[in-house]
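Q: Would you mind keeping the following structure in view while I ask a few things?
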Amino acid sequence: MCNCDIGGDDRRPCYPSSLTDEVWAVLEPLMPVRDRRKGGMARKYDDRLVLDGIFFVLRSGCQWRMIPRDLLPWDAAYRWFRDWSADGTIDRVHDALRDQVRRQAGRTADPSAAVLDAQSIKSSEGGQERGFDMGKKTTGRKRHLVVDTLGLLLVIMVTSASVQDRAERGGREILRRLAARFPSIALVWADGGYANSVVNGLLAWAKEKLGLVLEIVKRSDDVKGFQVLLLVTWNLTAGKNIFLRSDHGLGTRP
């Protein structure tokens with residue numbers, strides 16, 4: 001719940017999506033600093049208000065034009081969202097926050113292992129980037145995600161739902177992006193959609209071309225529906241087993 005204290009002429013109601021004072025204290029140092037030597041008019045809406053508008057859309061799922069008028073005009077919020085997306089500001093802030101969380105958890109900023117998965121989402125729009133997933137019986141798009149062992153986002157890619165996980169535009173492309181962005185990663189866990197006893201070329205390709213060990217995690221044939229598997233790995237430094245739950249239904253073999 002928002003606990004911001006907005007008074008005076010700037011008084012406005014807070015929404016559940018509004019930034020708290022504590023969160024803004026973390027975000028403010030990460031926002032870009034305007035170079036006033038380049039001139040230009042003074043900004044009418046500050047970064048915090050713009051972010052409140054953007055997060056309202058993300059939290060509610062509404063259209064940009066439905067942003068409450070007591071926040072800021074929708075076109076101003078959309079313009080800054082578009083500009084920050086194009087110039088990499090959003091990515092830089094996200095990466096900085098992820099690095100902070102990893103360090104607070106006692107990890108290094110650069111991960112050495114990751115988890116890969118994909119999910120097909122129904123969509124009524126998308127043009128060429130909309131297709132039919134035969135396995136999931138879903139028409140729409142597919143989001144390919146790579147996260148670290150804490151579940152923090154590393155790489156994301158969106159394709160047509162018809163793109164297979166092990167295909168050139170699926171598993172290979174997102175692994176290329178992962179290797180280019182995080183050369184420190186040597187091990188990637190993935191589910192059976194990326195390889196099986198008949199088609200396992202992605203494993204050899206990842207090892208040869210990218211230097212990545214792609215380990216396929218298989219669940220029991222007796223289990224129906226979604227299953228959260230236990231990720232068991234060996235910590236060479238501490239000399240003990242570490243157990244990690246994976247909400248992506250992935251894990252290593254014991």
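The values are calculated or read from the model by the stated rules, or taken from the named source; none is laboratory data. Predicted model only: the values in this text are computed from it and were never measured. Protein only, heavy atoms only, side chains kept; ligands, DNA and RNA dropped before computing areas. Shrake-Rupley method; radii C 1.70, N 1.55, O 1.52, S 1.80 Å.
Q: Just how much of GLU129 is accessible, in Å², when a 1.4 Å probe is used and the result is rounded to the nearest 10?
A: 70
Q: Say the cut-off is 29 Å between C-alpha atoms; which of LYS44/LYS142; LYS142/LYS207; LYS122/LYS218; LYS137/LYS207 go over it?
A: Flagged as over cut-off: LYS44/LYS142; LYS137/LYS207.
Q: Still on this model: Distance between the C-alpha centers of the stretch 171-186 and the stretch 64-78? Whole Å please.
A: 37
Q: If you rank CYS62, CYS14 by how much accessible surface each has, with a 1.4 Å probe, what is the order from largest down?
A: Largest to smallest exposure gives the sequence CYS14, CYS62.
Q: Work out, step by step, the length gained on full extension between ARG82 and ARG34: first 0.36 nm times the residue separation, then minus their alpha carbon distance; give nm to one decimal.
A: 15.6 nm
Q: Can you give me the orientation-averaged projected area of the convex hull built on the Cα atoms of the stretch 62-141, in nm²? Let's see the in-between values first.
A: Values: hull surface 35.4 nm².
Taking the Cα atoms of the stretch 62-141, their convex hull projects to 8.9 nm² on average.
Q: Suppose we take every Cα in the stretch 144-214 and form the convex hull; what volume per residue is that in Å³?
A: Measuring per residue, one finds 87 Å³ for the Cα hull of the stretch 144-214.
Q: Multiply the residue separation of LYS137 and GLN100 by 0.36 nm, subtract the distance between their alpha-carbon atoms, and state the gained length in nm to one decimal.
A: Here the answer is 9.4 nm.
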